[in-house]
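**Student:** Here it is: the structure, laid out below.
The values are calculated or read from the model by the stated rules, or taken from the named source; none is laboratory data. This one's a predicted model, so the numbers in the text were calculated from it and none came from an experiment. Cβ: placed from backbone, ideal geometry, glycine included. Neighbour counts: every protein chain shown. To get the accessible areas, we keep the full protein, side chains included, count just its heavy atoms, and leave off ligands, DNA and RNA. Shrake-Rupley method; radii C 1.70, N 1.55, O 1.52, S 1.80 Å.
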Amino acid sequence: MSTAEPIELPSQYAPSEVEGPRYERWEKAGYFAADATSGAPAFSIVIPPPNVTGSLHIGHALDHTLMDALVRRRRMQGYNALWLPGMDHAGIATQNVVERELAKEGLSRHDLGREAFVERVWQWKAESGGKILGQMRRLGDSVDWSRERFTMDEGLSRAVQTIFKRLFDDGLIYRAERIINWCPRCLTALSDIEVEHSDDDGELVSIRYGDGDESIVVATTRAETMLGDTAVAVHPDDARYTHLVGKTVELPLTGRRIPIVADEHVDPAFGTGAVKVTPAHDPNDFEIGRRHDLPGLTILDEHGVVTAHGPFQGLDRFEARPAVVRALREDGRIVAEKRPYVHSVGHCSRCGTTVEPRQSLQWFVRVGPLAKAAGDAVRDGRVRLHPPEMNARYFGWVDDMHDWCISRQLWWGHRIPVYYGPNDEVVCVGPGEQPPAGWRQDSDVLDTWFSSALWPFSTLGWPENTADLRTFYPTSVLVTGYDILFFWVARMMMFGLYAMRGQAPADAVPFRVVGLHGLVRDQFGKKMSKSRGNTVDPLDWVDRFGADATRFTLARGANPGGDIAISEEWAAGSRNFCNKLWNAVRFALLNGARRPAAALDPAALSVPDRWILSRLSAVIAETDQLFEAFEFAKVCDTLYHFAWDEVCDWYLELAKVPLASGDEAVARTTRQVLGLVLDQLLRLLHPVMPFVTEELWTALTGEESVMVAPWPAFSLPDPQAEAEISSVMRLVTEIRRFRSDQGLRPGQRVAARLAGIEDSTLAGHEEQIRSLLRLGPPADGFTPSASIEVEGITAELDVAGVIDVAAERRRMEKDLAAARAEAGQAERKLANSDFTARAPAAIVDKTRQRLETAQADIARLEQRLASI
RNA sequence: GGGCGUAUAGCUCAGCGGAAGAGCGCCCGCCUUACAAGCGGGAAGCCACUGGUUCGAACCCAGUUACGCCCACCA
């Protein structure tokens, strides 16, 4: 009720006392849980599953803030909102962690054996995995814990096996001998996206193969691979070498003779125009080898150590390289060396080891038709990317995708459901099926991304036709950083469209909208990295500034697709904003304001009331529109300025007069409006700042939770009140400026007369203007010694003896110069007949008004300058 | 080697065809009874450069320069 007793809050907001208990209460109340049987429209988001080995970093904090804001808003809007949490088993990463643990005990995974090792990983997961889930609670993530999933759990494993079988039966999964990226440390194949390229220093050596007229010079940065050369290739049209094509040359150090072949792939303009061909250790050479039926000679084992080549046997590839060069030099074979030679080198994204291209037998997904469908879904608008500028990148990727190597020589992961018979027969086994007795299963596991590609539907129960799947698929939005648009988003698109293709075409997509945000960077826009020492631990911020401040800082920087620069100062600013809200509500409660129980009586509203309600209406509409457009930064900015600049700086100050007036009817209305405005504001802010809004809103309303309060839909526009209050603001600001310029103490009461106000639109606002400016009434002996004129009202102040005439003159001269410039500009424009004839009438009118205002200012200032 | 993006106040960024904006920082003055995590006032920008389109350009077009990112099997 609006007549409630005053409540006094502490003068500062203490997040740490609020956040833990509030989260627990929400969870216990079941507010996070979605309902598959609800008739309400569904809204669903699946979390990008963090690695089970991971902990919350600032990028997650951003991601989660945005998702939580979307979900919380939808929930308040009455949607059946689901935010589904879970984790990724993170094949290589997790296996590495557990292997490192074993190493401390002096063991390797081979000492345990496969079964025991996998058991050990599960044990590790139970004990130390999922740290990040606890951290999500600290952030305030409103996820449905009852639906938490893990990519290796039983249901998801069934989904993996099911889709593998389908793809296999459709001929979209095949096994082939190919050159793949091999990590000699992790001892597994890697897909292209698990390889990171960097420009490294190397050495380019030119080597002469053969002798005399029958010799040819090739260049390489990987000299050791010459041991595996099985040909030299030249361009078919290269006249320099036509006499050699079809002949053989002696390969130095080996005594082998290798053929010279002609192949279109060779660029005759590059180097000598001759290329050494190592089919087993280079993807291009592999293709050349296939075209010319050349044997592949593997010279490195899985550790990258040279096998069976005389003096080089047993040398690591990086030891073998200089050793081979040395031997060639002694043999007089090196014709040129270039060092350093910068070239692009691939590294394992997990451990940084230089990747070795290696010929081996692996499983692949034939991506052609899948990628085509993934591209089409965006092209025809079934899936929209936000911001749309990301389309080009997306198409660039899906339209030119190479087949995906999905087998990994690891133990932790989904084992490939293929069995081999005694005579190498192959069978792919679906869920529930039994392989023929005695057949052995493929020893490889699947790429982690294979299971995460199923995430939007495997988590909802697919391949069963569950209520969750029917209700929440396709998911509404996918929120993630643009950096994994290709890694993950494109793959979910491929598999989602494939697995769900039985549904209506529009409903097979895994999500309808992809909201892409940028990377979190430091205050200078630099990438965060441990080596730079500029990383931010979001939990440290949660501890020091509160979860809301951390979230607000991130959301406030989140322009669509753009990177986000943050620093501690920004977090402190957000914390200050929390405190500002706290104190605004504190003020309201001290004055007995509460959210009104009944509708307001429009007739009782004062102009300031009508103004703030009108502004509130506009802000609600704007917030809605910005949320729909994923304009999180602008949502935050809009609400920040409304709360601080309008509600606190002006409305609360204006409200002090009626609250102190002693007129109970007037005070009651003000309390009601104050209660209403704060109630609505807190609801608007709740998606981004859940904790402080909850604490304040429950105090203000006495109700259970703002989480389940309806989203604002209030509208009471009042242009007349807005115009009046903006006049008040101009007058007050102008007088404040005068006082400040004149060095008058803000607290000092100055007697003033507001001449002309009785006849102006501001007639009813005199008391408030006096209150805002601490102006006293003109008493006996009042002698105006300075005057400020704004909008036809002349404020005469009795400041004799205090006023600095020179300062005042300077100020007026400055204003005058500005007014003259303004008038001149407008005049010139209006003198241009092209402008008056061709510009829209509204623009011309506006310019005319500008001119008139400026001219009036000039006249006024000139007169006052003359009289001062 | 391809593709994309960005250049606006000291810093980080909005604005994207009709009078240059925000946050932080900076300067001046204030403990004014919600808040000093605060209040009031203020300074600060040839909107990268050069041309073009337009009555009008920070905004559209072309070129230049400088950064940044993504993709790529160049020996």
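**Student:** If you count only protein heavy atoms with a 1.4 Å probe, what accessible area per residue comes out for chain A, rounded to a whole Å²?
**Tutor:** Spelled out: the 1.4 Å probe surface of chain A, per residue, equals 43 Å².
**Student:** Rg/Rh for region A:447-499 to two decimals, with Rh computed the Kirkwood way over all alpha-carbon pairs.
**Tutor:** On the Cα set of region A:447-499, Rg over Rh gives 0.97.
**Student:** Now for a different question. Sequence-distant or interchain residues sharing an amide H contact under 5 Å with A:F150, placed H: which?
**Tutor:** Amide H neighbours of A:F150: A:M87.
**Student:** Can you compute 3J(HN,Hα) from phi for each residue in region A:164-180, using the Karplus curve 6.51 cos²θ - 1.76 cosθ + 1.60 with θ = phi - 60°, rounded to whole Hz and x for Gly and Pro?
**Tutor:** 4, 4, 5, 4, 4, 5, 7, x, 9, 10, 9, 10, 7, 7, 9, 7, 10
**Student:** Looking at the square roots a ≥ b ≥ c of the eigenvalues of the Cα gyration tensor of region A:649-732, which shape do they give, rounded for a/c under 1.5, prolate if a/b is larger than b/c, or oblate?
**Tutor:** prolate
**Student:** Okay, moving on. Convert each backbone phi in region A:843-854 into a coupling constant with the Karplus relation 6.51 cos²θ - 1.76 cosθ + 1.60 (shift: θ = phi - 60°), then list the ³J(HN,Hα) values in order as whole Hz, x for Gly and Pro.
**Tutor:** Working through the residues one at a time gives 5, 5, 4, 4, 5, 4, 4, 4, 4, 4, 4, 5 Hz.
**Student:** Taking a quarter of the surface of the Cα convex hull of chain A, what do you get in nm²?
**Tutor:** Projected over every direction and averaged, the Cα hull of chain A covers 51.1 nm².
**Student:** Which longest uninterrupted range of chain A lacks any chymotrypsin sites (Phe, Trp or Tyr not before Pro) assigned by DSSP to a loop state (not H, G, I, E or B) and surrounded by at most 12 other Cβ atoms within 10 Å?
**Tutor:** So the longest stretch without any such site is A:525-868.
**Student:** If you don't mind, another one. Could you tell me which of rounded, prolate or oblate describes region A:40-190, using a ≥ b ≥ c as the square roots of the eigenvalues of the alpha-carbon gyration tensor, with rounded for a/c under 1.5 and, failing that, prolate when a/b is larger than b/c and oblate otherwise?
**Tutor:** The shape class here is oblate.
**Student:** I'd like the carbon and sulfur percentage of the solvent accessible area for chain A, probe radius 1.4 Å, heavy atoms only, ligands and nucleic acids excluded.
**Tutor:** Carbon and sulfur together cover 50 percent of it.
**Student:** Rounded to a whole number, what is D in µm²/s for region A:165-220 from Stokes-Einstein with the Kirkwood radius over alpha-carbon pairs (4 °C, 1.567 mPa s)?
**Tutor:** Result for D is 81 µm²/s.
**Student:** Next up: For region A:787-795, what does the Karplus curve 6.51 cos²θ - 1.76 cosθ + 1.60, with θ = phi - 60°, yield as ³J(HN,Hα) per residue in whole Hz, taken in order and with x for Gly and Pro?
**Tutor:** So the Karplus estimates, Gly and Pro as x, are 9, 10, 10, 9, 6, x, 10, 10, 8 Hz.
**Student:** Residues of region A:764-787 with the amide nitrogen closer than 13 Å to a label point 7 Å from the Cα of A:A660, along Cα-to-Cβ, please.
**Tutor:** A:767-776
**Student:** Express as a percent, rounded to the nearest 5, the fraction of DSSP beta bridges in chain A (both residues included) that run antiparallel.
**Tutor:** Looking only at bridges with both residues in chain A, the antiparallel portion is about 70 percent.
**Student:** Compute the distance from the alpha-carbon center of region A:421-436 to that of region A:760-814, in whole Å.
**Tutor:** 94 Å
**Student:** Determine the relative contact order of region A:374-519: mean sequence separation of Cα pairs under 8 Å and six or more apart, normalised by residue count, in whole percent.
**Tutor:** Value for region A:374-519: 28 percent.
**Student:** Can you pick out the pairs among A:K526/A:K814; A:K527/A:K634; A:K247/A:K338; A:K526/A:K846 whose Cα atoms lie more than 32 Å from each other?
**Tutor:** From A:K526/A:K814; A:K527/A:K634; A:K247/A:K338; A:K526/A:K846, over 32 Å: A:K526/A:K814; A:K526/A:K846.
**Student:** Assuming a viscosity of 1.002 mPa s and a temperature of 20 °C, what translational diffusion coefficient in µm² per second does Stokes-Einstein assign to region A:305-459, Rh being the Kirkwood radius over Cα pairs?
**Tutor:** So the translational diffusion coefficient is about 103 µm²/s.
**Student:** Once R0 is set to 25 Å, what does the formula 1/(1 + (r/R0)^6) return for the Cβ-Cβ distance between A:L600 and A:E628, expressed as a FRET efficiency to the nearest 0.05?
**Tutor:** It comes to 0.35.
**Student:** Specify whether the C-alpha gyration tensor of region A:729-868 places it in the rounded, prolate or oblate class, a ≥ b ≥ c being the square roots of the eigenvalues: rounded for a/c under 1.5, otherwise prolate if a/b is larger than b/c and oblate if not.
**Tutor:** Prolate.
**Student:** Taking 30 Å as R0, compute the FRET efficiency from the Cβ-Cβ separation of A:R290 and A:T353 and round it to 0.05.
**Tutor:** According to the calculation, E is roughly 0.60.
**Student:** Taking amide H positions as placed in the peptide plane 1.01 Å from N, state which residues far from A:R521 in sequence (5 or more) or on other chains have amide H under 5 Å from it.
**Tutor:** Under 5 Å from the amide H of A:R521: A:I564, A:A565, A:I566.
**Student:** What is the spin-label model distance, in nm, from A:K338 to A:Q863 if the labels are put 7 Å beyond Cα along the C-beta direction?
**Tutor:** Using points 7 Å along Cα→Cβ, the separation is 8.2 nm.
**Student:** Please list the non-local residues whose amide H lies under 5 Å from the amide H of A:V249, H modeled 1.01 Å from N, same-chain partners needing a gap of 5 or more.
**Tutor:** Answer set, sorted by chain and number: A:I258, A:I260.
**Student:** Using 1/(1 + (r/R0)^6) with R0 = 41 angstrom and r between the beta carbons of A:D237 and A:V426, what's the FRET efficiency to the nearest 0.05?
**Tutor:** 0.40
**Student:** Okay, moving on. For region A:495-550 and region A:641-712, what is the separation of their C-alpha centers, rounded to whole Å?
**Tutor:** Distance between centres, Cα-based: 32 Å.
**Student:** In region A:412-491, if the dipole is taken from +1 on Lys/Arg beta carbons and -1 on Asp/Glu beta carbons about the Cα centre, which of A:P456, A:P417, A:F487 is farthest to the positive end?
**Tutor:** A:P456
**Student:** Restricting to Cα pairs below 8 Å that are 6+ residues apart, what does the relative contact order work out to for chain A? Please round to a whole percent.
**Tutor:** 14 percent
**Student:** Points 7 angstrom from Cα along the Cβ direction at A:D211 and A:Q313: gap in nanometres?
**Tutor:** 2.7 nm
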